[in-house]
Amino acid sequence: MLHVSIPARRTGKSLAARIMTPANYLRLRRKASGLTLEQVAERLMPRAGFRPMVVAFLRILETDGCTARHRDHIERLTSVFPLDPDVYFQLVTDPANSLPSICSGCGCSAYDPCTAAGGTCRFVAPDACDRCLTNANRRAA
């Protein structure tokens, strides 16, 4: 049994599709941690024989329009990379105008900010933290 739901909203090429989705949030948080789907599956599943199924499930969760049905699936990912299950499920259920600010570069939010030697990040634009904006400016220069 597949434990994801496929809602009709927030898909396609419309303006609503460019709003942060649960799939984008998971993908950004995983990539910000520098992990591949295979590495996440390896950390979640000690038995190598089941890892391809875990990778397939993660790939589905990172597909726009698909969401986890069970909270424990998302909470289990927090043992591998930082993310906030509450933010994920807000993206699933809440209207776009009531969502917290989420960085479009790394997926961090006020509830799960980036952390490094210099402390935590802060938002300098509605959809960008200071670290991602600084990195984007460096790449552009």
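Within the shell of other residues whose beta carbon sits under 10 angstrom from the beta carbon of Val55, the net charge comes to 0, with Lys and Arg scored +1 and Asp and Glu -1.
Projected area of the range 11-140, taken from the Cα convex hull and averaged over every viewing direction, in nm²? Mind showing how you got there, number by number?
Working: hull surface 35.5 nm².
The Cα convex hull of the range 11-140, projected and averaged over all directions, gives 8.9 nm².
Remark: the Arg43-Lys31 segment gains 2.8 nm on full extension, using 0.36 nm per residue and subtracting the alpha carbon distance.
No lab work stands behind these numbers, since they all come straight from the coordinates. Just so it is clear, the structure is predicted and the values come from calculations on it, not from any experiment. Using ideal geometry, Cβ is built from the backbone for each residue, glycine included, and neighbour counts are taken over all protein chains shown.
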